[in-house]
Every structure is written in C-alpha cells, then in structure tokens.
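The values are calculated or read from the model by the stated rules, or taken from the named source; none is laboratory data. These numbers come from a predicted model, not from an experiment. Neighbour counts run over all protein chains shown; Cβ positions are idealised from the backbone, glycine included.
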Amino acid sequence: MSPWRAAARRFGRNRAAVVGAALVGALVLASLLGPLVTPDPLAQPDPVRLQDRPPSAAHLFGTDPYSRDVLSRTLSGARVSLVVGVGAALLAVTLGAGVGLVAGLAGRRTDQLLMRGVDVALALPRIILLLAVFAVWERVPPVAVLCVIAATGWFQTSRIVRAAVLSLREADFVVAARALGAGGAGLVRRHLLPHVAAPVIVSASLDVGNIILLEAGLSYLGLGVRPPTPTWGNMIMDGKDVLFSAPWVALAPGCALVLTVVAFNLAGDGLRDAFDPKVA
Amino acid sequence: MLGFAARRLAFAVASVAAVVVITFLLVHAAPGEPMLGTADRTFASPDVIARQRALFGLDRPLPVQFIRYAGNLVRGELGTSFVLHRPVSSILAEALPHTLLLGGTALVASLLLGLAVGALQAARHRSRTDTLLGAATLVFYSVPVFWLGLMLLLVFGEQLHWLPVSGMRSAALEDGSALARALDVARHLVLPAASLALVQAAAFARFQRSALVESLAGEHIRAARAKGLPERTVLLKHALRGALAPTITLAGLSVPYFLAGSVLVESIFGWPGLGRVAYDAIFARDYNVITAVALVSGVLVAAGNLLADVAVALADPRVRLER
C-alpha cells in the first residue's frame, strides 16, 4: 500500500477528523446554496420596523441594526472566510515551499541569505504590518486580503521545507537518482516534492483556521474587506454596538466562526496524525 | 554560553532594525496625505497643509527623511505625534506599562492553565478526561479573541454585573487608598486578561499535551518506571522536563499573539494601552507613532524570542553546544 493510501485510510478511521472534514464540506455547500434560499444579504426590507429584531420565523437569526437578515449575511460571510482562509493557506504554502526548495538546493550563500531573511521576517510584528497596509487602502477586494495574508504567512513553511530538503538531499535514493543523471526540475518533481508534500499539506491545513481568525480580526477592526460586503468580522463589529440590546447580531457570526475554525482544525489535526502516526 | 547569548542578542538587534526600516518605508511610501487624516483637516487650505508638512519634514525626499529619523532614533528621540502634538516617547511611556500589565498577566495565566491542562491530559492519555479537555481546548483554540471578549463582556459585565466593562480605573476611587486602587485595576483587568489568556492557554495545552505524550513514550521514562518510581514523580520530574523546552520556546514565540490580541481586546474593554495607540495612529496616519509602536513591538517580540532561547539553553546543554 502506498504511503498516501495508508494516510487516507488512517484519516478515514479517525472519527474526529472525518467529522471535521464533513463539517468543512457542509460549510462550503451552505455558503454556495444559502444565498438561493435566504433573502438578499444587503436588502433592507423595512428599515424602521425590522431594525435589529430578535430571531423569529421570518428571520431565523434576527435582523441587524440596518434591518438586514442575519442568517443570510452569516451564510454570505462564509464565502469571504472560506476563500481567504483556504486561498491564503494554499498561496502561502506554495510560496514557502518554493523558497524552502531554493534554499535547500542552492548553494550555502543563497541558503544563508534566504534563511536569515526568514528569521527576520518571523520577528516582524505581523499585525502591525497588516494594519498599516490595509489602513491605507480604501477598497479591499477579498483577493487582495488573501494575497497580503499569504505574503506575510509563508515563512514557517519555508523553514519546514528547507529542513526536509536538506535531509532528503543526503538520502540514498536521491544520491542514486543523481548518479543516474537526474537533476534540476525532474529531480525536484519526481523525488523531492512527493516527500516534502506531506508536512506541507499538514502545515497548510492547520493554518487555514488561523488565517480565518486573522481575517475576521482585520474585518472586525474595520479593515480588510469593507462593508457592506458581509464578513463575519464586520458583522461582529456591527453587533458590538448593540451587544447588550441585540446580542444575536454578534452571536450568529461568532458561532459560525468558531464552528468553521473548529472544523478546519479537526481536519488538520486528523491530517497530521494520518501522515505522522507516531503518537496521537 | 556567553557566545551563544551574544550571537542571539546581535540577531535580536538586527531584527528590530529591520522592523523599523520596513515599517518606515511601508508607512511613508503609502499613498495618501497624513495631514488629511482627520475630518477637521479635510477642510484645511493647501497652504496650511504645506506648512504642516514642512514642519514635520515630510516635504523632503524619502532617503533624507529616513536618515533624519534614524539619527534621531539613535539619540533616543522618537519624534512628535502629528495628531496629538505630543512627544511620541511620552505617549508610549503612558501606554506601554498598561499593555505589559495586561499581556504579562495573560501570559502567566495562560502558561499556568495551559501547562496544567496539558499535563493532566497527558497523564490521563486517551481517558474520558483527556477527550473532554481536548474538546474544550480545541474550541477555545478556535475562538476569535475579540468575540470571546465581547461574550465575556456580555455575560460577566452586563448580565451578571460581576465585573466592570470598560476602562482601567473607576473614577469614584480616584482618591482611594493605594490598595483600593490596585484592587480596582485588578477588577478591570480580569475580563480583558481572561479573553487573551483563555485562547492562548488552549494553544499551550494542546502543545504541552502532545510534547508530554511523546516524552512519556521515551526510554528514560521506561527506565524511571522500572526503577519503581511513583507515577507522579515520573510525570512531574522526568517527563515534564523533556517536554518543557518546546513549551518555553512557544511561550517566547507567543509575544506577537499577545500584541495582536491587545489591539483587538484593548478596543473592546477601553484598556488604555499600546494596542489602542496603534489602532488610533494607523487610522490617523500618525507616522511617527506607527513607526514607534512597530519599534516597541519588534523589541518585545525579539526579547521574547531571546529570553526563550536563553532559558532553553540553560535547561538543555545540547542547545548551547550547537553551531
């Protein structure tokens, strides 16, 4: 049995991991299908009468201070969180793997230069940089948030990949492949990447939850994706001002955030244990 | 040991310098006009704006501005706030102790709680206790810190009226005794510190549990058990020691988390700290304040890493001999 099949089987036997993966699937479906069955997240049907009304049959999660339906905004906000969380994790991992491969394969000087740079980058207060970048932009599309978060989030991955490459470089099968004339892109693709992939996938999947929380924090501060586009972060910001009189406004997006991040962390923990089954 | 510490210190200084350079460039190269940051300035005449820019040296080319800033920095001068017209150093001197109190309390509380929960889980590995605590730590690890803050505020501040909801001191106790005032600050501290600490304690617990479980599977543990040592001694003296180094490192690396958390939590609880200063400065384009906050953050992050490295090196001789 190939190591990938073995990992997939271990994942399948891990009940918590399967629940996490199923939850992630359900969330993706809900974010796609939700807008078809719920009212327009931006619509303000009756600005006076519907102003932050508690949950009812017509509005299951209530309405917010602008009379908008909290349920449809929560479902719609899932898109930003999922796209930014998954997209930024994938992009960051790609960047990190690229830099890690170069550092591990290039000469000592390039390696030293890149890794000192990564050390410094890891010491930067990321939140201050993100705040400074987003505060100067007026309109911020989700793609831009995704790119900036990824650009400041690949440093740890590059270290993991470099360490893996350094130990693989001396491995017998790589030395043998080299002796047989393999080199360059072929060596990387056929012999290195398959072995580097597992730790990279694990680190990416465990990162998704953190990125979703980071994006929510930025939206909550009024940065990142701007209103009226609903994000869970800016919905909680709207709910903060009416926290005592209409707690449901902040409650729904907050619970959605916790549920989503728990789902990704369960699946990520499961992937880690599946690829690295020494203890659990 | 001294050589090791000196190398790490040199790196810390270099990384702080990099933080300052990057923030300076990022802030100054950003489009937009800092002197138009606030509403009352939107109506200022171009003449007034030009005079303001000249006053702060913003009309000079960027390299000149940077050299001037760096020169002042070396002399310990952080410049003046564009908005508050006060020396940046006095703004920071006021805010930093508040954030250190909040972050320090949260760090200590989260370490104690996290280590205890993680150790308990590892000791009862795969029991019902382990599963329940594992679920709890997973949920707290997945909660957005600002939302947790709002929920604590709602429940313990508004519903139960147990704790104050905002600020750091009660106006009524301004003339109270020193003890009464200290207790008053402590009461204000509980909710913001708990918000920060609960999330980070979950991270520490998850980490401590897996480090301990791994350590408990080691040969030295089998040897200790074979000697007939009580399980308690095996866990606390033998296993914990092996698992402590990675947790110390993680504690040192958690400084950025507490800084990010303070930006979010201080605004919720009206805590007058560095996070509030950073937030206000960024929206007002208060360049000197932003750069100074980044500098202080960089120093705190570097200090956290440095202290953790030294602590690990003290605990584990193998680390010292490396490199």
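With respect to the conditions (1) within 13 Å of another protein chain (Cβ to nearest Cβ); (2) in contact (Cβ under 8 Å) with a residue 40 or more places away in the chain; (3) aliphatic (A, V, I, L, M); (4) out of contact with any helix residue (DSSP H, G or I) (no Cβ under 6 Å at 6 or more places or on another chain), A:Leu131 falls short on a single one, namely (4).
You will find that of A:Ser56, A:Ser76, A:Ser72, A:Ser67, the residue that is farther than 27 Å from A:Arg159 by Cβ and without any contact (Cβ under 8 Å) to a residue 12 or more places away in the chain is A:Ser56 and no other.
Once segment B:161-182 is narrowed to residues that are assigned to a helix (DSSP H, G or I) and over 23 Å from B:Arg276 (Cα atoms), the residue that is farthest from the chain's Cα centre (by Cα) is B:Ala172.
Looking only at residues in segment A:134-168 that are over 21 Å from the mean Cα position of the chain (by Cα) and in a helix (DSSP H, G or I), the one that is farthest from the other protein chains (Cβ to nearest Cβ) is A:Leu168. Looking at the structure I just gave you, is A:Ala263 hydrophobic (A, V, I, L, M, F, W, C), modelled with pLDDT of 95 or more and within 28 Å of B:Gly157 (Cβ to Cβ)? The answer is no for A:Ala263.
Taken over segment B:131-186, residues that are among the charged types (D, E, K, R) and within 11 Å of chain A (Cβ to nearest Cβ) amount to 1.
Of all residues in segment A:213-236, those being of a type outside the set (S, T, N, Q) and touching a Pro at 6+ places or on another chain (Cβ under 9 Å) number 13. Selection of first residues in segment A:145-164 that are free of Cβ contacts under 8 Å to residues at least 40 places away in the same chain and of second residues that are surrounded by fewer than 22 Cβ atoms within 10 Å (Cβ to Cβ) and of a type outside the set (Val, Ile, Thr), restricted to Cβ pairs under 6 Å at least 6 apart or on distinct chains, gives the following pairs, ordered by first then second residue: A:Thr152/A:Arg126.
Every condition in (1) within 24 Å of the chain's Cα centre (by Cα); (2) on the phi < 0 side of the Ramachandran plot; (3) free of Cβ contacts under 8 Å to residues at least 24 places away in the same chain holds for A:Leu206 except the one numbered (3). Evaluated against (1) over 29 Å from A:Ala135 (Cβ atoms); (2) surrounded by fewer than 23 Cβ atoms within 10 Å (Cβ to Cβ); (3) not β-branched (Val, Ile, Thr), A:Leu266 falls short on exactly one condition, (2).
Restricting attention to segment A:179-186, does a residue exist that is within 14 Å of chain B (Cβ to nearest Cβ), on the phi < 0 side of the Ramachandran plot, outside any helix (DSSP H, G or I) and surrounded by fewer than 15 Cβ atoms within 10 Å (Cβ to Cβ)? No: zero hits.
Within segment A:25-44, identify whether any single residue is under 29 Å from A:Ile160 (Cα atoms) and in a helix (DSSP H, G or I), and answer yes or no. Among the residues of segment A:25-44, at least one is under 29 Å from A:Ile160 (Cα atoms) and in a helix (DSSP H, G or I), which makes the answer yes.
Restricting attention to segment B:199-241 and to residues that are away from every other protein chain (no Cβ under 13 Å) and closer than 30 Å to B:Leu100 by Cα, the residue that is surrounded by the fewest Cβ atoms within 10 Å (Cβ to Cβ) turns out to be B:Arg241. Reported count of residues in segment B:1-29, each being among the aromatic types (Phe, Trp, Tyr), more than 10 Å from A:Val120 (Cβ to Cβ) and within 11 Å of chain A (Cβ to nearest Cβ), is 1.
Elements of the type helices (runs of 4 or more DSSP H) sitting completely within segment B:60-160 and holding at least 3 residues that are small (Gly, Ala, Ser): these cover B:88-123, B:128-141.
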